[in-house]
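Below is one structure; the comments refer to it alone.
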Amino acid sequence: MSSQTGESSSTTMPSPSSDLVTSQGKTTIADAVVQKIAGVSAREVSGVHKLGVSTARAFGAIRERIPGSSGPNVSQGVTVEVGERQAAVDLDIVVEYGVAIVDVAAAIRRNVIGSLQKMTGLEVTEVNVSVDDIYIPGDEKQESTEPSRVQ
């Protein structure tokens, strides 16, 4: 590790795609790996309540309750396109009421890009954020995954 002073923090990040294709071989990273990294890093951002559109969230909640299931799906709400050296990410999110959506989206982009570039070496060409819903505490209908009953 270098102890030079005056070095910008951007030079400490690995150069995107610098080590994925070399004269000694090629490293391939599966779409599922990129999806999981993007999903976890997006959820780390304050103001993100959940990822995924309402139908996917409902199915995911039901799946989590099934004994023997693998637990929460960290790639829910995440779509990626991965090439040899680049990746593009689409995220569907639910934000918490009261947050500045533009700031949350910018923070998600920074976190996802930083995590993906650091962990995979891929150049992230874009991170598209779609805000599909807003979570209002106390609004039980948003949290319910059971079908409503007609009386």
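Which is in contact (Cβ under 8 Å) with a residue 12 or more places away in the chain and closer than 17 Å to residue 41 by Cα, of 89, 99? Talk me through it step by step, then tell me what you get.
Details: 99 fails: closer than 17 Å to residue 41 by Cα.
Matching residue, one of 89, 99: 89.
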Among 149, 110, the single one that is loosely packed, with under 15 Cβ neighbours inside 10 Å and at pLDDT 95 or above is 110
So residue 87 passes all but one of these: (1) of a type in the set (Gly, Ala, Ser); (2) in contact with a strand residue (DSSP E or B) (Cβ under 7 Å, 6 or more places away or on another chain); (3) surrounded by fewer than 21 Cβ atoms within 10 Å (Cβ to Cβ). Which condition number does it fail? (3)
Of the residues in segment 38-58, those that are small (Gly, Ala, Ser), part of a helix (DSSP H, G or I) and at pLDDT 95 or above number 4
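Considering only residues that are hydroxyl-bearing (Ser, Thr, Tyr) and part of a strand (DSSP E or B), look in segment 100-134 and name the one that is farthest from the chain's Cα centre (by Cα).
Within segment 100-134, the subset hydroxyl-bearing (Ser, Thr, Tyr) is 115, 120, 125, 130.
Checking the rest, the ones that are also part of a strand (DSSP E or B) come to 125, 130.
On the way: 125: 15, 130: 12 Å.
Of everything passing the filter in segment 100-134, 125 is farthest from the chain's Cα centre (by Cα).
Hey, any hits in segment 24-37 for a residue that's within 30 Å of residue 138 (Cα to Cα) and either surrounded by 11 or more Cβ atoms within 10 Å (Cβ to Cβ) or modelled with pLDDT of 55 or more (or both)?
Going through segment 24-37, the residues within 30 Å of residue 138 (Cα to Cα) turn out to be 36.
This time we only want the ones that are either surrounded by 11 or more Cβ atoms within 10 Å (Cβ to Cβ) or modelled with pLDDT of 55 or more (or both), so: 36.
Among the residues of segment 24-37, at least one is within 30 Å of residue 138 (Cα to Cα) and either surrounded by 11 or more Cβ atoms within 10 Å (Cβ to Cβ) or modelled with pLDDT of 55 or more (or both), which makes the answer yes.
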If we scan segment 104-116, do we find a residue that is in contact (Cβ under 8 Å) with a residue 12 or more places away in the chain and either of a type in the set (Asp, Glu) or farther than 20 Å from residue 46 by Cβ (or both)? no
Checking the structure you have, find out if any residue of segment 59-76 is at pLDDT 90 or above and part of a loop (DSSP other than H, G, I, E, B). yes
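The values are calculated or read from the model by the stated rules, or taken from the named source; none is laboratory data. The shown structure was predicted, so the numbers you read here are calculated from the model rather than taken from an experiment. Here the Cβ is made from the backbone with ideal geometry for all residues, glycine too, and neighbour counts use every protein chain on show.
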